[in-house]
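The values are calculated or read from the model by the stated rules, or taken from the named source; none is laboratory data. Owing to the predicted nature of the structure, the values given are computational and were not obtained by experimental measurement. With ideal geometry, Cβ positions are generated from the backbone for all residues, glycine too; neighbour counts draw on all protein chains shown.
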Amino acid sequence: MASLACCGAVFGSDLPTKEITSNNIFGLAGNGDTVWMVTDQGVNYTLATSDTLSWLGYKAPLRIISFAFGARYAVACLDTTSYLTPNKLWFYSHSRLSYDSIALPFSRSSVSSAALADSAVFMATGVVCLGREGDFWLACQDGGLVRFDPGVKTMRTFFPGVRKSFDPASVHIDSVAGITSIDGLTAHRIIGVSVQKIAQDTTVILALTRSTLYRFFPRDSSWDSVPAKINGPDKIDRYNTVFSCDHSPSLFADISIQGAVAPRLYRYNPVDSSWKFFDTAVTVVTGITFGPDSVIYLVSNYKSIRKYSGRTFDTQSFNLLNHRITQVDPESINDILYLPRTDTSGSFWIATSSTRNPTWNGLFFSRFEERDEKSGTPFVYVRLDRKISTGLKETYAVPGIVSSGVSQTVFAYSLSKASDVTISIYDWNMNLVKNVIVNRPRTAGKDDPLGNGRSTNRKEDSWDGTNGMGKRVAVGVYYFKITAKSGERSFGKIVVAK
């Protein structure tokens, strides 16, 4: 899962909720039949295989760096960057239906050299779970690779090349045998963690440092490393992020090249033990998830999802969103998640957010995503909306203000029965400014596929603050009128600001 950025807070006693905590979704995690999502107002989870999604969760504007689910637990690394202290872990037990938190036990005394202690960092910046019954593994920077068992709340820390484990509460890092020759701490600072299936019965932990991608074998606590060799004349300057999973041997990394301005995405080729530049069209990668067999899905430039297949991922399909998202235009795709169900299919989830138009954010999913999906089957769209009365008894525009920062408003309304609808905009003197739609067919609110009781088509039933000539209207108060051929009608107000 990509790094997340939500507001800082702590959990209280009134947090359990049965609603989606927010439509701004920044991260996804899952295992088996359970999907978790992290929003800017908390966390939610549901069963991926259920015919109807019932969202449970906790409402709190946490600031979460990384999030993982497995072994009947969900674990989140909370951000304490502003306090310059080791961070806390929040974890939820599915079996006990309870949540708790624990602080990383590192301290400045973990580094016995005063000079090194001033620059040591012990925050957990990544977390993964190894298997459905496994432990959680944390990338704790100068604190090493930490194994966390939420069931008994115990931790052990490991350092690259050292087969012995240590108690993170008492270890003195610069005196650990095997890493004493390192000048300073940054050379072995673990900045990322992932899992990779390297054989049918072998899954390893990947521990990323700036200069080396280590493989850690939990069975015997041994270490080796992935060769830092580029296929071609380029040389690696540093690693930034690693992408892998527990059901595929594929391995990708975001790598900065010596002399290059921006990092690039590379795929590891085990045949010649080198990294190969992946795709010249991809400039920013914010997420990768691994599909069935030889398929990967990649978030490109925050706006599109590319699908690749083949033994070398050389078969690229069209943008996965084309023709599959019909009523909204997501502003930012933050994370994607594929959960395998069979060897050829599984569920596929997309997390989005929006500041430009808050009616375009939410969750999209396909419960049965096939390996060779080509039909353009629409994604199911899920979001939390305020309930409204049917028969146009209660309508409103969201947001109620159109400005340079919020470019559009969407009209929320509910018809008592299907009908053709016209939406018009008027100025303060009730002069017609623009017809948004004219006699467009709309379903009854009770038939809303999202279950929010709306007849709204979010792409068409919106106004961008322009008149019929396409020019921006003057600042002021405007009115909208919604009229259905069935005889239902309603009025409302919109403010246009600078």
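Kindly indicate whether Arg472 is surrounded by fewer than 17 Cβ atoms within 10 Å (Cβ to Cβ) and without any contact (Cβ under 8 Å) to a residue 40 or more places away in the chain.
So Arg472 fits the description; yes.
The set of residues from region 219-265 being of a type in the set (Asp, Glu) and part of a loop (DSSP other than H, G, I, E, B) comprises Asp220, Asp234, Asp246. Looking across region 150-177, the residues that are hydrophobic (A, V, I, L, M, F, W, C) and either in a helix (DSSP H, G or I) or touching a Leu at 6+ places or on another chain (Cβ under 6 Å) (or both) come down to Phe158, Ile173.
Table: residues versus (1) touching an Asp or Glu at 6+ places or on another chain (Cβ under 7 Å); (2) at pLDDT 90 or above.
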site	(1), (2)
Arg108	no, no
Ser112	yes, no
Ser119	no, no
Phe136	no, yes
Thr157	no, yes
Val162	no, yes
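For region 269-282, state whether one or more residues are over 26 Å from Pro233 (Cα atoms), touching a Ser or Thr at 6+ places or on another chain (Cβ under 7 Å) and modelled with pLDDT under 90. No, region 269-282 has no match at all.
Residue-wise test of (1) within 24 Å of the chain's Cα centre (by Cα); (2) more than 30 Å from Glu331 (Cβ to Cβ); (3) polar (S, T, N, Q); (4) not assigned by TED's automatic domain parsing to the domain that holds Asn361.
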| position | (1), (2), (3), (4) |
| --- | --- |
| Tyr214 | no, yes, no, no |
| Lys229 | no, yes, no, no |
| Phe243 | yes, no, no, no |
| His247 | yes, yes, no, no |
| Val285 | yes, no, no, no |
| Val295 | yes, no, no, no |
| Tyr302 | yes, no, no, no |
| Asp314 | no, yes, no, no |
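Applying the condition of being touching a Ser or Thr at 6+ places or on another chain (Cβ under 6 Å) and buried (at least 19 other Cβ atoms within 10 Å of the Cβ) to region 284-305 and asking which residue is farthest from Thr241 (Cα to Cα) yields Pro292. The combined condition, being part of a loop (DSSP other than H, G, I, E, B), under 27 Å from Asn31 (Cα atoms), out of contact with any Cys (no Cβ under 7 Å at 6 or more places or on another chain) and of a type in the set (Val, Ile, Thr), is fulfilled by Thr342.
Selection over region 48-72 of residues that are within 23 Å of Asn24 (Cα to Cα) and at pLDDT 90 or above gives a count of 6. Of the residues making up region 22-47, those that are of a type outside the set (Val, Ile, Thr) and farther than 23 Å from Ser332 by Cα number 4. Return yes or no: is Lys303 among the basic types (Lys, Arg), farther than 22 Å from Ile423 by Cβ and at pLDDT 80 or above? The answer is yes for Lys303. Would you check if Ser95 is exposed (fewer than 14 other Cβ atoms within 10 Å of the Cβ), within 21 Å of Ile190 (Cβ to Cβ) and touching a residue at least 12 places away in the same chain (Cβ under 8 Å)? So Ser95 does not fit the description; no.
Consider region 385-405 and keep the residues that are among the β-branched types (Val, Ile, Thr) and in a loop (DSSP other than H, G, I, E, B). The one that is surrounded by the most Cβ atoms within 10 Å (Cβ to Cβ) is Thr395.
What number of residues within region 477-491 satisfy the criterion of being part of a strand (DSSP E or B) and either free of Cβ contacts under 8 Å to residues at least 24 places away in the same chain or not β-branched (Val, Ile, Thr) (or both)?
8
Search region 406-427 for residues being under 20 Å from Val495 (Cα atoms) and either in the same structural domain as Trp36 (by TED's automatic domain parsing) or part of a loop (DSSP other than H, G, I, E, B) (or both), and hand back the single one that is modelled with the lowest pLDDT. Taking the candidates together, the pick is Val406.
So how many residues does region 199-212 have that are of a type in the set (A, V, I, L, M, F, W, C) and out of contact with any Pro (no Cβ under 9 Å at 6 or more places or on another chain)? So the count comes out to 2.
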